[in-house]
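J.: My questions all concern the structure below.
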Amino acid sequence: MTPDQPSRPITKAVIPAAGLGTRFLPATKATPKEMLPVVDKPAIQYVVEESVRAGLDDLLIITGRNKAALEDHFDHHWELEQALEAKGDLHRLERVRESAVLKVHFVRQGQPKGLGHAVHVAKEHVGDNPFAVLLGDDLIDARDHLLEEMLRVREEKGGSVVALLEVPPESVHLYGCAAVDGRDGDVVRITGLVEKPDPSEAPSNLAVIGRYVLDPSVFEVLEHTPPGRGGEIQLTDALQTLASSSEPGGGVHGVVFRGRRYDTGDRLDYLKAVVRLGVDHAELGKDFGEWLDDFSGQRASGQR
Ligand code: UTP
């Protein structure tokens, strides 16, 4: 941080979960995609746990229509808890309570007008504090420490920080894409951002993934950000403005992530996430891994 920007510890995390989840229909017609189970927990619980591990325990989930299950999941379920207690099933009781003891707040987006709009809805809760944004369907493996590294970069450089992933050039049109310079290991300075570019116009193969540490000046920028690609208010467009701003709070850096990420909002990536986290699961991993090897062997020999 520069001397005129005193360091403030970051405690707030915003988790947008108000999207329509159209890529996963019909599963997401009545169930939020963030509540789809990944092995034995809903996707959003992994995201909440990641945030708490990084020291951000003041959580705000942005919800919308059809998202009541999210609020129920992060609340107590007294009948269930009493039934498990009566049966003496303390292991399951503990697992059911895990998600209810966290400090989780909710606000509704009203209309899903895009990720930038969803983040702006958090303004009142966040106030004039830097904060993290974690997308509710984007999982980072618990063994990797992306968010901690992003918080460190914000502390050192100020401004905002985004997570970047090197993707094959033919996939760049699925993401926000960054133009960068000033590379220092896995930390880059971002000079521009473009949402879902045509591969021939992409400034790099560095894609923005669902982790951000944002300066509160982003709210002011979002207020003046018109709908962009897809008619949605894009967070990428607001970050593009901040990247070229020399105002206090301006400037955007990127952290290139080389760890394990699971995009559970996409059907194929969701299946991969279940398998990858399933084989690592403390209770199920051994049996599941053996079954998977057997199944793969059968497929290879044409028995399936
Ligand atoms: P996505 O683009 O992945 O979500 O947004 P979506 O719109 O639900 O997906 P599809 O394309 O229709 O399948 C990334 C994140 O931003 C949230 C989503 O819930 C997801 O966590 N989001 C998106 C909002 O909260 N509000 C919005 O208006 C849009």
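J.: Mind counting the residues in the range 224-255 that are in a helix (DSSP H, G or I), out of contact with any helix residue (DSSP H, G or I) (no Cβ under 7 Å at 6 or more places or on another chain) and farther than 22 Å from ASP138 by Cβ?
T.: So the count comes out to 1.
J.: So if I check each of VAL39, VAL14, which one is within 16 Å of the ligand (Cβ to nearest atom), at pLDDT 95 or above, aliphatic (A, V, I, L, M) and in contact with a Leu (Cβ under 8 Å, 6 or more places away or on another chain)? Can you show your working first?
T.: Values: VAL39 fails: within 16 Å of the ligand (Cβ to nearest atom).
The match here is VAL14.
J.: While we're on this one: Can you give me the number of residues within the range 256-304 that are assigned to a helix (DSSP H, G or I) and of a type in the set (Ser, Thr, Tyr)?
T.: Count: 2.
J.: What's the total number of residues in the range 232-241 that are surrounded by fewer than 24 Cβ atoms within 10 Å (Cβ to Cβ) and either away from the ligand (no atom under 16 Å from the Cβ) or without any contact (Cβ under 8 Å) to a residue 40 or more places away in the chain (or both)?
T.: 1
J.: Being out of contact with any helix residue (DSSP H, G or I) (no Cβ under 7 Å at 6 or more places or on another chain) and under 14 Å from VAL279 (Cα atoms) is the filter here, so list the residues in the range 290-304 that pass it.
T.: GLU290, TRP291, ASP293, ASP294, PHE295, SER296
J.: Name every residue in the range 205-234 that is in contact with a Cys (Cβ under 7 Å, 6 or more places away or on another chain) and modelled with pLDDT under 95, in order of residue number.
T.: none
J.: Answer with yes or no whether GLU71 is within 16 Å of the ligand (Cβ to nearest atom), touching a helix residue (DSSP H, G or I) at 6+ places or on another chain (Cβ under 9 Å) and of a type in the set (D, E, K, R).
T.: no
J.: Could you count how many residues in the range 55-88 are of a type in the set (A, V, I, L, M) and part of a loop (DSSP other than H, G, I, E, B)?
T.: 1
The values are calculated or read from the model by the stated rules, or taken from the named source; none is laboratory data. This structure is a prediction, so every number in the text was calculated from the model and none was measured. Heads up, the Cβs are rebuilt from the backbone with ideal geometry, glycines too, and the neighbour counts pull from every protein chain shown.
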